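The values are calculated or read from the model by the stated rules, or taken from the named source; none is laboratory data. Only a predicted model underlies this, so the values are computations on that prediction, with no experimental measurement involved. So basically every Cβ, Gly included, is an ideal-geometry build from the backbone, and we count neighbours across all protein chains shown. The accessibility values were calculated without ligands, DNA or RNA, using every heavy atom of the protein model including side chains. Shrake-Rupley method; radii C 1.70, N 1.55, O 1.52, S 1.80 Å.
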Amino acid sequence: MISRRASKSKPEDQFRCALVPDSADARIFVELSGYANADLTPALNALESAIRLENTGDPDVHARYLIEYAVVAYCRAFFQSNVRGRLTDHLEIPAEFATLHDEVCAFRNTTVAHSQSELSTTWPVLLIDQSGEPYVRDLLGANYSQTLPLPRVKALVTLIEVLVDEIDTLLAPVRARLLAAARSLPVPAPAHTMPGIHHELDDTFNPRTKRTPYPFTQTIYVHAEPVE
């Protein structure tokens, strides 16, 4: 039931957000949630979009781009960075997917992130005009690139779903401890609930920033057109 008092409240007034205090549990919650929400789920969404394009029966180069984005997003969870470790520090790749996982990481390294695989080869091709006396009309740099085969794409979807479920299992006790701790304390005051969000114009965009294991600030870049 909804009380009369609650029913008179505006929806935006019924809830507000707050951050849990910095702690070891908060940091592991951020790290595990990041693997799921910033890496694996975007990869899953891109793969599912690619499969829908492939299922139309009309080959679309955008499917390849989606798959290769998904490979990069997936591999972020397993490559050491200066901010966090690897997802495999917390769980193991199921044995039945070990070969697929290794292939996806190799594809990322040799083809998507670096150009050293014959899966993407550029050929110096002469275009010969044969409409009359044959002659060399032009020289082309023709590229042929192949992405992950569709059966492997579908298998990767299954693997990601398994990993997200495992992360949810790992998160459950951490979430329970954080909620218990938060409920044992006074509700945070509105002035101390959210991190510092700084807005900057997009001409100051900086891709070389480094986040901290527990977030305190974030810069949001916005675009503004000059007023005539």
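If the condition is being in contact with a Ser or Thr (Cβ under 8 Å, 6 or more places away or on another chain) and either at pLDDT 95 or above or assigned to a strand (DSSP E or B) (or both), then the range 122-147 contributes Gly141, Ala142, Asn143, Tyr144, Ser145. Tyr69 meets all of the listed conditions (1) loosely packed, with under 12 Cβ neighbours inside 10 Å; (2) closer than 25 Å to Thr209 by Cβ but one, namely (1). Looking across Thr147, Thr212, one residue alone is in contact (Cβ under 8 Å) with a residue 60 or more places away in the chain, exposed (fewer than 13 other Cβ atoms within 10 Å of the Cβ) and not hydrophobic (A, V, I, L, M, F, W, C). It is Thr212. Across the range 168-191, the qualifying residues are those that are within 29 Å of the chain's Cα centre (by Cα) and without any contact (Cβ under 8 Å) to a residue 40 or more places away in the chain, and the one among them that is most open to solvent (accessible area, probe 1.4 Å) is Thr169. On the stretch given as the range 150-167, residues that are touching a helix residue (DSSP H, G or I) at 6+ places or on another chain (Cβ under 7 Å) and either modelled with pLDDT under 95 or open to solvent by less than 60 Å² (accessible area, probe 1.4 Å) (or both) total 10.
If only residues of the range 82-97 that are assigned to a loop (DSSP other than H, G, I, E, B) and either open to solvent by 50 Å² or more (accessible area, probe 1.4 Å) or among the β-branched types (Val, Ile, Thr) (or both) are counted, the one that is nearest to Asp39 (Cα to Cα) is Arg86. Show the residue pairs that are 6+ apart or on different chains and have beta-carbon atoms under 7 Å apart, the first residue being within the range 98-121 and loosely packed, with under 12 Cβ neighbours inside 10 Å, the second being not aromatic (Phe, Trp, Tyr). Pairs that qualify, where the first residue is loosely packed, with under 12 Cβ neighbours inside 10 Å and the partner is not aromatic (Phe, Trp, Tyr), are Gln116/Thr110.
Within the range 59-87, the set of residues being β-branched (Val, Ile, Thr) and closer than 18 Å to Val164 by Cβ comprises Val71, Val72. With respect to the stated conditions, Leu170 is of a type in the set (A, V, I, L, M, F, W, C), touching a helix residue (DSSP H, G or I) at 6+ places or on another chain (Cβ under 7 Å) and within 30 Å of Glu103 (Cα to Cα).
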